[in-house]
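In what follows, a single structure is set out as structure tokens and then discussed.
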Amino acid sequence: MSESYAGKINRKLLKKRRIIEAAAGREAADLVLKNATYVNVFSNQLCTADIAVAEGLIVGMGEYSGMAEVDCAGKIVLPGFLDAHIHLESSLVSPREFVKAVLPHGTTTVITDPHEIANVMGTDGIEYMLQATENLPVDVRFMLPSCVPATPLDESGAVLDYRSLDSFYDHPRVQGLAEMMNFVGIIAGDDQPVEKIVAAQAHHKKIDGHAPDLRGNDLNAYIAAGVYSDHECHDLQDALAKLERGQFIMIREGTAARNLDALAPLLCDKYADRCMFCTDDKHPSDLLEKGHIDYIVKRAIALGADPITAVKVACHNAARYFLLNNRGAIAPGYLGDFVVIDNFQDFRIEKVFKKGVLMVEDGTMRDFPAPEIEPYLTKRAHSTFHLGTLTAEDFMDHRPRGVIGMVNGEITTVDAGYSDRIDAEYDILKIAVVERHKNTRHIGIGFLQGYGLKSGAVATSISHDSHNIIVVGTNESDMAAAVNRVVDLNGGIVVWDGGASAAEVPLAIAGIMSDEPLEAVNEKLEAAKEKAHALGVGQGIDPFMTLSFMALPVIPSLRITTRGVFDVNSQSYV
């Protein structure tokens, strides 16, 4: 039987009175951090006091007694960290496993854009992620994906217009509209992207940006349309142009893109209040070996940033931007989300509290239940491949095709001419993208130079942003076999050689995330990388990340889609 309205009010009144009594010192608090030296994000200084928590909220700083007391003498207490922009899917694991990875690093809130899974499952993907993140000990807040598909050239699993997104704005954990990648459409005043901005503003929500190197009147038009932030700045000039026009700058330091070194000069009194930290994409090895937002703070301090400024950018600024007014600070009325470190130089995290509950101590984490997900959504997420068995003939085409030339293992490419055959000796490999959402049998074929593979094939269903299957190989038979194995796994990464799977990483959740623990996924991923390198892939190349971006037709100059090789600069197929 559901609680009555009067019952809810009465329960909240009792809770509020408990908070007031504990704050006034008339009752013992639930938790007191004794003798705490803490970062005050309002006065920009270190303060020392007892920090009292009741009902999950900080009720005061001063002299307090509590039912539980933790002596923090000689330590520094920080507000919990906040990642301002991430795609949880990039961790390759379920949201629960992601939380298990980042909570020990002091992250207590993340803002996610479920863009990747939405390109596979549409609104079911958004709903799946909302349910999979409910009541986790890291608050997962959402920005709704603005570009599904990312471009009209993509064959995604869904097309989401503003009507598809509208009902999600009422969800209490939805903060706004995620990175508006279609800045060209906004500047041109195209209906679809502009409608999404108008709808988000009608709900009084934030709108994040994605506009690398946009400048002049085009930048003015983009910002005037209602885009409030940008996380794509790779140099100081680009960041300042946007900051001076009122945008907030998300300083990104993730796995695929690392911009902290270039943007570190923003972490000063003049600009820092307009900045926040984000990771965008964070792969398993990075999470396990480096950390999360704590890694960025530590690096920023090493680069010369004032420690208090770096901490403030890591929590308070993003909380303020997203109107999460009860987090990002140590003050009465704020959530009891704390990170206890030894000192600013070593920055070793000793304890993490979430709403006043000790969740992590010396790297050991308290267990927490997995969220319940509707059986329909679980089944749907594990049944996203719709295509028949492929053969070598499906990849044979003797017409000359464009050659995508890789650039030193980067995700940018050059036009390397044409070829009508594979020639592994000269590093001319066949590359293809197989549509997997609707069984259209569309297979785009081209060639790739610079990857280095000498034998077999590599296939993956992580293929930005539509997540069709991308495959590269030294022969068509191995290409077909690798793709078929990806389908058998319900998604994943496959290195195929000698008539068998040489290494694989199953990714059964929408073909982009695993059901397994992060450590197990990382072990399989690293083994697959090692096997791909053993088959000839260049040591400076991430075999799978590199491939995943070859299908994204917004990065110059040549890309591969389900319809063939596409020249991004001329906007034509070659």
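Please note which strands (runs of 3 or more DSSP E) are completely contained in segment 74-136 and include at least 2 residues that are farther than 30 Å from THR48 by Cβ and within 15 Å of the chain's Cα centre (by Cα).
81-86, 107-112
Would you call ALA52 small (Gly, Ala, Ser), farther than 30 Å from GLN345 by Cβ and not in a loop (DSSP other than H, G, I, E, B)? Spell out the reasoning first.
Numbers: small (Gly, Ala, Ser): yes; farther than 30 Å from GLN345 by Cβ: no; not in a loop (DSSP other than H, G, I, E, B): yes.
Spelling it out, it is not the case that ALA52 is small (Gly, Ala, Ser), farther than 30 Å from GLN345 by Cβ and not in a loop (DSSP other than H, G, I, E, B).
Would you pick out the residues in segment 450-481 that are assigned to a loop (DSSP other than H, G, I, E, B), over 19 Å from GLY405 (Cα atoms) and among the aliphatic types (A, V, I, L, M)?
Passing the criteria: only ILE462.
Restricting the search to segment 173-193, which residues are within 20 Å of the chain's Cα centre (by Cα) and either surrounded by fewer than 18 Cβ atoms within 10 Å (Cβ to Cβ) or modelled with pLDDT of 95 or more (or both)?
ARG173, VAL174, GLN175, GLY176, LEU177, ALA178, GLU179, MET180 - these are the residues of segment 173-193 that are within 20 Å of the chain's Cα centre (by Cα) and either surrounded by fewer than 18 Cβ atoms within 10 Å (Cβ to Cβ) or modelled with pLDDT of 95 or more (or both).
Could you look through segment 212-241, keep only residues that are touching a Leu at 6+ places or on another chain (Cβ under 7 Å) and crowded, with 17+ Cβ neighbours inside 10 Å, and pick out the one that is nearest to ILE111 (Cα to Cα)?
Ranking the qualifying residues of segment 212-241, first place goes to CYS233.
Looking only at residues in segment 416-444 that are of a type in the set (Lys, Arg) and open to solvent by less than 30 Å² (accessible area, probe 1.4 Å), which one is nearest to HIS467 (Cα to Cα)?
Restricting to residues being of a type in the set (Lys, Arg) and open to solvent by less than 30 Å² (accessible area, probe 1.4 Å), the top hit is ARG436.
List the residue pairs whose Cβ atoms are under 6 Å apart, where the first residue sits in segment 335-363 and is in contact (Cβ under 8 Å) with a residue 60 or more places away in the chain, the second is among the polar types (S, T, N, Q) and open to solvent by 10 Å² or more (accessible area, probe 1.4 Å), and the two are 6 or more positions apart or on different chains.
Taking only residues 6 or more apart or on different chains, the pairs are LEU335/ASN326.
In segment 153-162, is there at least one residue being in contact (Cβ under 8 Å) with a residue 12 or more places away in the chain and outside any loop (DSSP other than H, G, I, E, B)?
Yes, segment 153-162 has at least one match.
If only one of VAL311, VAL357 is modelled with pLDDT of 95 or more and open to solvent by 50 Å² or more (accessible area, probe 1.4 Å), which one is it?
The conditions single out VAL357.
Of the residues ASN484, ASN490, only one is in a loop (DSSP other than H, G, I, E, B), at pLDDT 95 or above and either open to solvent by 10 Å² or more (accessible area, probe 1.4 Å) or of a type in the set (A, V, I, L, M) (or both); which?
ASN490
The values are calculated or read from the model by the stated rules, or taken from the named source; none is laboratory data. Quick caveat, the model's predicted, so the values are computed rather than measured. FYI the Cβ positions are ideal-geometry reconstructions off the backbone, even for glycines, and counts take in every protein chain you see. To get the accessible areas, we keep the full protein, side chains included, count just its heavy atoms, and leave off ligands, DNA and RNA. Shrake-Rupley method; radii C 1.70, N 1.55, O 1.52, S 1.80 Å.
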